[in-house]
Each structure stands twice: as structure tokens, then as C-alpha cells.
Amino acid sequence: MRLKGSSSRHGSDAVRAALALLALSVSAFVARAAHPNVVELNAFRLINQLPGAFGPPLLGIMQLGALASVLGVAAIAAVRRRPGLARRLLAGGVAAWAVAKVLQGLIDQEPPDLVLGNAVLHSSVTAGLAFPATHVAVAAALATVAGPYLSRPNRRLTWIGVFAIGVARVYVGAHFPIDVVGGAAVGWGVGSLLHLILGSPRALPDAEAVRALLAERGHPSGPLDPLGVPRRGSSLYRVCGPDPQVVKVVGRDQPEADWLYRAWRLLAYRDAERRISRTPQQLVEHEAYLLLLAQRAGVCVPALVATSTVGEDAAVLVRGWVEGTTLGALVGPEIDDAVLVGAWQQLAALHSIGIALGSILLDDFVVGPDGQVWLVEIGSGVTAGPADRSVRDNAELCVAVADRYGPGSAVRSAAAALDVDDLRQLVTGLQPLLLSPANRRAGAHDRLLERLRFEIAEVAGVKAASRISPARVATRNLLPLVAALLAVNLLLPQIGKAGATFDALHHVRWVWAAGIVAASAVTYLSAAVSLMGAASRRLGLGRTTAVQLAAAFTNRLAPAGIGGMATNVRYLEATGYSRPAAIAALGMNSLGGFVVHLIGVLTIVPLFGAGHTHFRLSGPELPDRWPLLAVVVGVLAAAGLIRWGALLRRRLGPPIRSASAVLSSTLGNPRAAFALLCGATGVTAGYIAALAAAGQAFGVGLPLATVAAVFLGGSAVAAAAPTPGGLGALEAALVAGLTAAGAASGPAIAAVLVYRLITYWLPIIPGAVAYHILRRDGTL
């Protein structure tokens with residue numbers, strides 16, 4: 001299958017480049033260690049001491065990562081008449097080699113034969129520095145650059161080759177495994193940046209391949225005229241001749257097919273609904289099914305002719321040609337309210353049989369010579385979805401019409417085609433988050449959405465709905481989170497004694513990491529028990545625990561636990577609770593946790609202060625810039641009170657007041673009260689145990705009661721921070737507390753960083769999986 005020559009830039013390439021930079025940074029930090037850790041050392045010996053029979057094939061594969069192989073691969077692409085691919089391969093391979101060489105000089109890591117006395121050299125190894133592995137960087141860059149030009153099986157084969165080259169470099173004794181990881185990150189990042197700058201080809205067959213397929217299937221195969229690209233990952237052609245038809249070609253280059261793109265959309269909440277990834281063949285068959293349903297119901301849609309596949313990564317749909325002009329191309333006297341009303345009527349007819357489109361463009365409609373409006377693009381439609389999908393469709397069409405022909409035309413045509421109830425629902429549906437990206441941008445121009453809400457509300461006789469601004473993580477919101485992460489994990493050790501911190505990291509007793517993980521798991525189980533006690537209905541322990549794990553993912557998206565609260569509210573609503581009852585139950589759950597934490601602060605912290613006066617007299621070993629830690633805590637707490645105080649009062653005040661009203665009835669049920677208080681106690685105790693285990697791992701040497709006092713005091717201060725989970729403030733407060741209690745600054749900082757890594761960052765991965773599963777089965 002020949003690919004089209006046009007290219008496009010994908011946002012997922014930027015995500016890949018960022019992930020590659022992160023992987024490179026982490027691997028460089030590990031590579032700078034004076035000696036490999038136990039895991040890396042064992043992995044090196046396992047590969048380096050493979051039997052001699054592995055030598056010949058590995059040595060042969062290893063040469064594919066040499067700089068000379070870049071010229072060979074580029075030459076093959078040029079011979080196969082792919083000059084664009086040849087240039088990209090040449091640029092990507094050479095750039096990856098150059099970047100790897102520069103980094104080798106900066107990292108200055110010695111090769112294994114100089115670090116270890118028993119490294120086996122299976123081949124003549126060129127003298128030089130080890131990190132990152134240059135051969136792997138070149139191979140990874142070539143695989144990344146060539147990826148869009150290859151089918152899925154061939155892409156997998158190329159990355160298997162990259163992995164084999166990495167194994168070969170470790171086998172010959174030239175690199176440690178971490179050097180291979182760094183090299184793969186360099187190549188992946190260079191290739192992704194190249195795609196981001198130059199764009200990557202669209203994986204679609206060209207007109208010649210489509211025409212040959214039509215002739216093979218017995219369809220008209222006259223000249224093909226391109227009709228543009230209605231959606232990313234597809235193209236339209238008109239088959240010229242006495243019986244014109246439209247051929248829609250769908251390729252593998254779909255946004256939903258890219259796991260990084262889907263992950264970003266989920267994290268950033270760009271769309272309110274979840275989309276399912278489908279193969280090109282499934283997409284074509286789905287659109288054919290929708291066309292048949294719509295045609296049977298009397299909707300004016302093109303006739304379905306045929307469907308077929310083109311190779312492994314593309315499929316085609318052939319439909320009848322509708323003579324006319326697209327709705328977005330009408331000008332002057334061609335456009336009037338009657339035509340726009342016809343578009344609204346066709347959309348309503350589609351809704352009547354349970355089909356909603358999700359995203360609408362005016363080019364999806366064609367106006368025939370007789371004025372009849374046809375709906376020609378319904379491939380994005382879904383069936384048996386939520387009831388509000390039709391409201392979203394109406395909002396999409398309203399914004400699209402208003403952007404092209406003005407708000408007056410949109411309001412008049414909507415009022416003529418929709419009844420009063422639909423108009424009232426349309427007022428609430430004209431919200432940015434509910435619109436597709438194209439119409440969202442159109443609605444933001446010149447306050448178009450606000451004008452539409454006001455004018456349609458006036459026609460419907462209702463009050464105009466205000467703009468909804470839900471808590472979500474967009475690009476601008478992620479930047480502070482990334483900055484805080486860098487500040488906590490990079491700058492915090494500099495505040496104390498960086499050398500002592502890194503020394504503590506090198507002498508950690510990792511067996512205690514299992515204790516941190518176990519204690520962290522107890523917090524989620526305890527949170528589930530607490531919620532079960534706060535709820536008046538019986539809830540399953542396993543599913544409720546999974547919901548708490550999913551809440552760990554959503555809690556990273558908003559401060560003060562708002563994300564987790566929204567997740568739990570949706571869960572309780574799915575079990576039959578009304579929204580007020582669910583909020584009241586969550587308020588009571590929060591109140592129970594607050595009471596347990598308050599009791600701990602009022603009992604343990606004073607005992608700690610009374611029993612540890614010698615720390616204040618002898619002077620604790622504080623970091624060199626101890627006042628800066630206090631300033632960080634104070635500034636973050638003050639900023640949180642200023643920024644989120646009103647929001648928390650508005651959102652958490654009513655639930656807490658409602659919970660207080662029903663608290664007496666809950667406490668009247670001994671079983672529920674016992675579960676609520678035990679669960680809340682388990683959450684706090686689990687976090688204390690995790691921090692104590694982290695202290696043991698680094699030899700902090702403080703009693704459990706002291707660690708408990710530090711945690712209770714530090715988490716109370718960090719609760720006001722304007723970051724998710726008190727990021728930044730909690731780390732600073734815990735380090736300050738541990739050092740004030742007599743711990744050395746290096747082990748204290750290392751213990752806090754590892755504690756937060758395991759209890760705060762790592763649960764994001766299983767939390768995201770749990771959230772995805774619970775969304776899929778309808779729990780959330």
C-alpha cells in the first residue's frame with residue numbers, strides 16, 4: 001500500500017518527546033551513581049554471561065545500530081522511491097548519534113569493564129564512555145522515524161530489533177542496562193521531535209491504490225477527484241462517471257488509536273465522553289450500519305454501496321453521490337432560514353432513532369438543487385448512548401451555524417425547528433466542555449457562546465445558564481504541577497544537604513519498600529470501609545476499594561480532594577443515591593476523617609512536644625536553609641487559603657453541614673459508626689506506618705510516636721496548599737518535622753521523597769486502570 005505524501009503534526013508526538021526527556025533524565029541520574037545498583041548489576045551479569053551460542057546472532061544484529069547503518073537504511077528507502085523517508089531517516093539517525101555523543105561527554109560514565117572487574121568482553125569494544133548507548137539511540141531514532149510509514153506488525157518488528165540491539169550491547173560488555181534505556185530515550189525523543197517539526201505522513205492509500213481496489217471489486221473505476229479531508233485519518237474521493245459515487249478511505253491514523261493521545265485526552269478532559277478505539281475496518285462497518293439504520297428511518301442520507309479493506313491498515317466505504325452544495329459553502333441568497341431548519345430537522349430525525357453524532361460540521365450537510373438537506377457524514381455517530389447526547393448535537397449545530405451565518409440565523413432556525421423543552425435543554429448544553437474542539441474554538445471567538453445562551457434563553461423564556469467551568473487539567477494547569485514536581489524532587493534536596501541525600505539514597509534498605517507499599521494499600525482499604533460506614537446502603541468492599549483507588553488518580557487533577565470527591569459522588573449515584581444524599585455521605589466521611597485527625601493532633605502532637613524538649617535545647621540538625629522551608633510551607637498554605645478558600649467553602653461547606661445534620665442518625669447505628677471511625681483511623685494510621693517504614697529504610701531512627709506527630713502536624717499544615725495532595729507543602733513540612741525531631745537532613749529528605757513516590761505518585765498507574773475499568777462497566 002502506498003502512502004499519501006501529505007503530512008500532519010500530531011499532539012501525541014509532543015507527549016512522546018516529553019516522556020523521552022523524562023526517561024532520559026531519570027536514567028542519567030541513575031547512570032551517574034558511583035556503582036551500579038543490585039538490580040542493574042544482576043541484569044548486566046545475566047545478559048553479559050549468556051552462552052557463547054548467542055554471540056554470532058547478537059553481534060550481527062548489533063551492527064544495525066552503527067552510524068553506517070543510517071546510510072544503508074536511507075539508501076534502501078531512496079531505492080524504493082521514498083526520498084522523503086530517506087531524508088528523514090538520515091536526519092534522525094545522525095541527530096540521535098550526535099546527541100548521544102554529546103551526552104556521553106556530559107554524563108562521563110565509564111564502561112562496565114572499567115567499573116567491574118569481571119565484565120566479559122565478547123567483542124572488541126571501542127574505548128569510550130558508556131551513557132547513553134549510541135547504537136541503541138540510532139536504532140530507536142530510525143524505528144521512530146519509520147513508524148508512520150510501516151504497518152503495525154512491521155513497527156513491532158522494528159522495535160523488537162531495537163531491543164535486540166540493546167541486549168547485544170550489554171552482551172558484548174559495552175554498556176550497562178541503564179545505558180541502553182538512555183539510548184532508547186534519546187532515539188525516541190529525537191524521532192518524535194522530527195515528526196513534531198516536519199509532520200508525519202498520513203497512513204492512507206493513494207488514489208491509484210483505491211482505484212485498483214474498486215476495479216478489482218467490480219465497482220466503477222473512473223477518475224478519482226479528491227474531496228478534501230473531513231476528519232483526521234480519512235479522505236474522500238468522488239468517482240467520476242455516469243453513476244458518480246463517493247469513496248471514503250479510513251486509515252489507521254485515528255486519534256483514538258494512539259494510546260498516548262487517549263491518555264492525554266483522559267488526563268486533560270478535553271472531551272467529556274470516553275471514546276473506544278476501533279480498527280479501520282470496524283469504523284467503516286460502523287458507519288455502514290448507521291447509514292442503513294438512518295435510511296430505513298427516512299433520514300436523508302446517501303445510499304450505501306459497499307465496504308472493503310485495503311491491505312492491513314485501511315478500509316473503504318462506497319456510498320452514493322448527493323448532488324448539491326455543502327451547507328457551509330452557501331452564500332448570499334442560497335442560504336435562508338428554511339435551509340437551516342431543514343438541517344435541524346434531519347438531525348432531529350437521526351435523534352429519533354437513537355443516533356447521536358457527537359461532533360458536527362456544516363460540511364456534514366449537503367443542500368440539493370431542490371432545497372432538500374442531506375446528512376452525508378454520520379461516521380462519528382453512536383447509538384444507545386446517554387440521553388444528553390442529542391442536546392450536545394444541538395449545541396454543536398447551533399454553534400456551527402452561528403459561527404458561519406451569525407447568531408441570529410442560528411437562533412431563528414433553532415426556534416423554528418425545536419420545541420420549548422429542547423430549547424431549554426439547548427441553553428444548558430451550550431457549554432465549552434461539551435463541544436468538539438473545532439466548535440469550542442468557534443464558540444470562544446467574540447463571546448459567541450454567551451450570546452447564543454442569552455438569546456436562546458430569551459426565546460425559551462428561561463434564565464440564561466452561566467458558563468460552567470469544571471475542574472479539569474488543561475495544559476496551563478499541568479505546568480504548575482510539573483513545576484511543583486521538579487521543585488520537590490530536584491530543589492528540595494538542594495535546600496538541605498544534597499550530598500547527604502544522595503548518599504542516603506545509595507544506602508537505602510529496599511526491603512522496607514514493601515512495608516511502604518503494604519501500608520499504602522491499607523489506606524485504600526480503610527477508605528473504602530470508612531465510606532461504607534458513612535453510606536446508609538450496603539456497598540461491596542471490593543468495588544468500593546477499587547473506587548478509592550480510582551479516586552487516587554482523579555485526586556491528582558484537582559486540589560483539596562475535589563477530584564476524589566467527584567469520583568465518589570458518581571459512584572454513590574450509580575448505586576442509587578440521589579445527588580444530595582451522595583454529597584451528604586461524602587461530607588460525613590470527610591467529617592469522620594477530620595475528627596480522627598483532630599484527635600490525633602490534640603493527643604499525639606502535645607505528647608511529642610512534652611517528651612522531646614531536649615531537641616529544642618540541644619538544637620536539631622536542620623538543613624542549611626531551614627528558614628526557606630518554613631517560608632515554603634507558609635507561602636503555600638497562605639496561597640491555598642486565598643485561592644481555594646472561597647471554593648472550598650462553597651463546595652465543601654454545604655456537604656459538611658448536611659453531614660452534620662445526619663451524623664447523629666449514623667452514630668445511632670453502632671455498626672456504621674464503628675466502620676466510619678475505624679476506616680478513618682486506618683487511613684491515618686496507614687500513612688503514618690508508610691512514613692515510618694520509609695524512615696526505617698533510610699535509617700532515620702525516630703520512634704513511631706514521633707513519626708506520627710510529624711505526619712499529623714505536617715499534613716494539617718499542607719492541607720491548605722493550592723496543589724493536589726498538598727504537593728510541595730507536605731514534603732517541606734515533613735522534612736522540617738523530621739529534622740526538628742533530630743533526624744539527619746539527608747536521610748530525612750530521602751525518606752520523604754521515597755514515601756511520596758510510593759504513596760502519591762505510584763498509585764496513579766493502578767488508579768488510572770481502575771478508573772478506566774469502572775468507567776467501562778458503568779460504575780463511574
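The values are calculated or read from the model by the stated rules, or taken from the named source; none is laboratory data. Owing to the predicted nature of the structure, the values given are computational and were not obtained by experimental measurement. Ideal geometry is used to build each Cβ from the backbone, glycine not excepted, and the neighbour counts take in all protein chains shown. Just so you know, the surface numbers come from the protein's heavy atoms only, side chains and all, with ligands and any DNA or RNA stripped out. Shrake-Rupley method; radii C 1.70, N 1.55, O 1.52, S 1.80 Å.
Structure above, values below:
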| quantity | calculated |
| --- | --- |
| Cα gyration tensor shape for segment 27-165, rounded if a/c is under 1.5, else prolate or oblate | prolate |
| Translational diffusion of segment 370-440, µm² s⁻¹ [Kirkwood Rh, Cα pairs; Stokes-Einstein; 37 °C; 0.692 mPa s] | 250 µm²/s |
| Estimated inter-spin distance, L114 and A297, nm [label 7 Å along Cα→Cβ] | 7.2 nm |
| Cα-based radius of gyration of segment 132-188 once divided by 2.2 N^0.38 Å, which approximates compact folds | 1.08 |
| Full-stretch length increase - L50, T383 - with 0.36 nm per residue and alpha-carbon distance subtracted | 114.3 nm |
| Residue list for segment 572-606, given a label point 7 angstrom along the Cα-to-Cβ vector of R538 and an amide N cut-off under 14 Å | none |
| Efficiency of FRET from Cβ geometry, A212 and I764, R₀ 45 Å, rounded to 0.05 | 0.40 |
| Potential lengthening between I599 and N37 on full extension [0.36 nm per residue; Cα-Cα distance subtracted] | 198.0 nm |
| For segment 50-147, accessible area per residue (1.4 Å probe, heavy atoms of protein chains only), Å² | 50 Å² |
| Computed E for V79/R156 - FRET, C-beta separation, R0 25 angstrom, nearest 0.05 | 0.55 |
| Stretchable slack from T309 to R671, in nm (0.36 nm times residue separation minus alpha-carbon distance) | 124.2 nm |
| Packing-based ranking, highest mean first, of 283-289, 95-101 given that Cβ atoms within 10 Å are counted | 95-101, 283-289 |
| Whole-number Å³ per residue for the convex hull built on Cα positions in segment 696-780 | 111 Å³ |
| Cα radius of gyration and Dmax for segment 283-436 (Å) | 15.5, 50 |
| Spin-label model distance (nm) - A329 vs R775, 7 Å beyond Cα toward Cβ | 3.7 nm |
| Order by protection proxy (mean Cβ within 10 Å, highest first), peptides 352-364, 678-690, 134-146 | 134-146, 678-690, 352-364 |
